[in-house]
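Report on the following structure.
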There are 2 protein chains.
Amino acid sequence: MSYFRPNIEKMQGYVPGIQPRAPGVIKLNTNETPYPPSERVLKAVRDALDPTLRLYPDPMSTPVREAAATVFGVTPEMILVGNGSDDLLTIAVRSFVGEGELAVVPNPSYGLYTTLLEIQNARITYVEYPDDFSMPAGIAQPRAKLTFLSTPNNPTGTSLDPDDVADAAEAISGVLVVDEAYADFADTNCLELPGRLDNVIVLRTLSKSYSLAGARVGLAIADEELIAGMTKVKDSYNLDRLGMAAGAAALLDGEHMRANVERIRADRDWLSARMAELGFEVIPSQANFVMVRCTAVPAGTIYEELVQRNILVRYWDKPRLSDCLRITIGTRDELNALVAAVEAILRGE
Amino acid sequence: MSYFRPNIEKMQGYVPGIQPRAPGVIKLNTNETPYPPSERVLKAVRDALDPTLRLYPDPMSTPVREAAATVFGVTPEMILVGNGSDDLLTIAVRSFVGEGELAVVPNPSYGLYTTLLEIQNARITYVEYPDDFSMPAGIAQPRAKLTFLSTPNNPTGTSLDPDDVADAAEAISGVLVVDEAYADFADTNCLELPGRLDNVIVLRTLSKSYSLAGARVGLAIADEELIAGMTKVKDSYNLDRLGMAAGAAALLDGEHMRANVERIRADRDWLSARMAELGFEVIPSQANFVMVRCTAVPAGTIYEELVQRNILVRYWDKPRLSDCLRITIGTRDELNALVAAVEAILRGE
């Protein structure tokens, strides 16, 4: 006999990308930025590192909330701070979808949406992206309590037209989560939607563009009523004092972030061109990673061969993804090593 | 029209104790320790504060898990690390209680149990503690999926006999959470239960005895199968790198923790005696706080008068608690100031 709910018993659980502890690995598998966070972040944490660690943190993460409001040009009451944007995805699912109720997930997309809905024992309808990864037909399902879109989309890197997202938000019946974890690397975003549509939650994270995956800071931007209700669902103290100090300082140093983003965008173009020259089909990316489709050699084989060479990329043995690899934009040296390794693999070495 | 689930719409949300940002307040309201964390904690965070903040943390918080396994004398596979023990309470509710299913909550106890079950839309049966706050009759309810006990109990400070807890665990049908947030301040604990009963989860936190409320580190100790299943429900990266470094270092400096606990236990006895002399009924405490029942002057009045004097204690205007105050054991100076203020209030000054 199991003590677990049947849906928990049956589900697999989300499998995050490998976090190797051995040195010498070229890690292009979980979309971290290769550049360190701002020096101001390290200083802010050092300054916060004192005996006040004995005290609970601010429940609303006010310093982060206020910094985010300034950066995004909204009121602090339109911001909810999460322990990473995964925390905010969890809060959204628990706020809006009851057991057996409908949620809509595009495919392929971020696997955690499915995991969180399985934990909630929701009913999931998948809608397929067309081959160009523009807005999926059928995104607006009657009776959907929650619909997910990620733009730029993980793992394809493709971006949706903000006008199409606005149209979708108006057509759907429940709440739309627009997961913009990678938006700082893109030409467009949907930040203007929460101010005029009361059912849109835009999610941002400091894990990618702000080089703070290790600090766990995510942001939801939405109508004040949505934020107030979701506040009831979040853990009382979901950010610790140190992550909070790091997050506020990072947001206030946008210049550091943007300089890193520029390097990554340039290297994304460079890698895309190199992979195309090698015969891969390169899906046009607006994120800090590139998805390529492998034709000459199976993607799974290239993945395994790269692991042998201490290079980690991401591979899923799933429909629509099993002939693809997702490659995070590392430093130019790391990308050169990757390209050389792929060339060798293609030559059968 | 609301986008929220009806249970979320209707619930109040948990109200944490006030976290004042103004200096000069004597803060005896949220059971923090008045003494700073170990110097080794501050050093460990300083050492972790480097460019690796750009990388995701270890999903299982392995350094904390291994340190906790050593401290508690169990295998690492019997430990789940949470973003505070509140995170682990959330994980337990989502793992074991479906919508409309039964959970048992003793009264009075930690208010978050109710909040989390309301979020889950579970059915709650409350069982009343007897006047001596020993094991409530009716704790073992048929069809209960999850039962909560906190020992020492918040807010009463009273401790249950571990044999009674073991008997309860054997009698109940589902999972028993034994919330031992305050156990380091007590004479007894239930740590031996998870090794022999497969339905018991003991929760610990570093927020109280280890002086790390600001770092958000909680621990679940349970049968390996329970831990494995709950792992599917937790957020992928629920602790950040800095909190993780703090937590592992704190656990490895038990000497620092025990020295602080000894001072707090001595001051608990001192405060209990002083409050009894002032005519309060003092409930015997095994925690780092003391609950007193007020007879001469209404508890709410004393609470408000203390706020006027910049002294925060905890007061609930709820059945069985509305004639009581819960006072965290601060430094002796803080407790002296509290006692002097209470004396003045009783004199009508």
Contact-by-burial set, the range B:39-58, min loss 10 Å², accessible area of protein heavy atoms with 1.4 Å probe, reference chain alone, gives B:42, B:45, B:46, B:49, B:50, B:51, B:53, B:54, B:55, B:56, B:57, B:58
Size of the dipole of the range A:61-220 about the Cα centre, Lys and Arg at +1 and Asp and Glu at -1 on the beta carbon, nothing else charged, in debye to 20?
-> 560
Taking every residue in A:211-219, how many Cβ atoms of other protein chains lie within 10 Å of its Cβ, on average?
-> 6
Gyration tensor (Cα only) of the range B:39-253 to equivalent ellipsoid, semi-axes in Å sorted down, yields 30, 18, 15
Where A meets B: accessible area buried, both sides, 1.4 Å probe, Å² = 6300
How many Cβ atoms of partner chains, on average, are near each residue of B:269-281 if near means within 10 Å of its Cβ?
-> 0
R0 = 41 Å: FRET efficiency of residue B:173 with residue A:21, Cβ-based, nearest 0.05?
-> 0.50
Once the other residues with Cβ under 14 Å from the Cβ of residue A:81 are scored (Lys, Arg +1; Asp, Glu -1), what is the net sum?
-> -2
Computed for the range A:210-348: size of charge dipole around the Cα centre, +1 on C-beta of each Lys and Arg, -1 on C-beta of each Asp and Glu, debye to nearest 20, value 180
At 7 Å out from Cα toward Cβ: residue B:198 inter-copy label distances (nm, ascending) | 5.0
For chain B, modelled as a Gaussian network with Cα springs under 10 Å, which listed residue fluctuates most, B:44, B:250, B:276?
-> B:276
Solvent-accessible area per residue, Å², over the range B:39-253 with all protein chains present [probe radius 1.4 Å] | 29
P(r) for the range A:19-165: what percent of alpha-carbon pairs falls in each 5 Å bin, starting at zero?
-> 2, 7, 12, 14, 16, 17, 14, 10, 6, 2, 0, 0
Ignoring ligands, DNA and RNA, the residues of the range B:78-109 whose accessible area with a 1.4 Å probe is reduced by 30 Å² or more relative to the chain alone are B:83, B:86, B:90, B:94, B:95, B:96, B:99
Highest GNM mean-square fluctuation among B:176, B:306, B:149, for chain B with Cα springs under 10 Å, belongs to B:306
Only counting protein heavy atoms at a 1.4 Å probe, give the residues of the range B:233-258, ordered by number, whose accessible area falls by 30 Å² or more when the other protein chains are present relative to the chain alone.
-> B:233, B:235, B:236, B:237, B:240, B:242
For the range A:326-349 and the range B:1-31, distance of Cα centres in Å | 51
Relative to the present Cα-Cα distance, how much length would full extension add between residue B:137 and residue B:163 at 0.36 nm per residue of separation?
-> 7.9 nm
Sequence-separation-based contact order of the range A:39-253, relative, with Cα cut under 8 Å and 6+ spacing, percent = 29
On the accessible surface of the protein assembly as shown, probed at 1.4 Å, how many percent belong to carbon and sulfur atoms?
-> 49
Over the range B:227-349, how many percent of alpha carbon pairs lie in each 10 Å bin up to the one with the longest distance?
-> 11, 34, 22, 20, 11, 1
Note the full-extension length gain between residue B:277 and residue B:128 as 0.36 nm times their separation in residues minus their Cα-Cα distance, in nm to one decimal.
-> 50.7 nm
Count of lysine pairs in chain A with Cα separation under 26 Å (8 or more residues apart, or interchain) | 10
Filtered trypsin sites (Lys or Arg not before Pro), the range A:1-86: DSSP coil and at most 15 other beta carbons within 10 Å = A:21
With a/c under 1.5 counting as rounded, go ahead and sort the protein assembly as shown into rounded, prolate or oblate using the C-alpha gyration tensor (a ≥ b ≥ c being the square roots of the eigenvalues; past the cut-off, prolate if a/b is larger than b/c, else oblate).
-> prolate
When the convex hull of the C-alpha atoms of the range B:298-349 is computed, what volume per residue in Å³ does it have?
-> 68
Most positive-pole-ward Cα, B:188, B:344, A:129, against dipole of the protein assembly as shown from beta carbon charges = B:344
In whole angstrom, note down how far apart the Cα centers of the range B:103-145 and the range A:223-294 are.
-> 43
Round to the nearest 10 and report in Å² the accessible area of residue A:270, as given by a 1.4 Å probe over the protein chains' heavy atoms.
-> 60
For chain A, what does -39500 (n - 2.57) per DSSP helix run (n ≥ 4), summed and divided by total residues, give at 222 nm, in deg cm²/dmol to the nearest 500?
-> -11000 deg cm²/dmol
How many nanometers, to one decimal and shortest first, lie between the label point of residue B:307 and those of its other copies, if labels sit 7 Å from Cα toward Cβ?
-> 5.9
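The values are calculated or read from the model by the stated rules, or taken from the named source; none is laboratory data. Everything numeric in this text was worked out from a predicted model, so none of it was measured. Neighbour counts run over all protein chains shown; Cβ positions are idealised from the backbone, glycine included. Heads up: the accessible areas ignore ligands, DNA and RNA and are worked out on the full protein's heavy atoms, side chains in. Shrake-Rupley method; radii C 1.70, N 1.55, O 1.52, S 1.80 Å.
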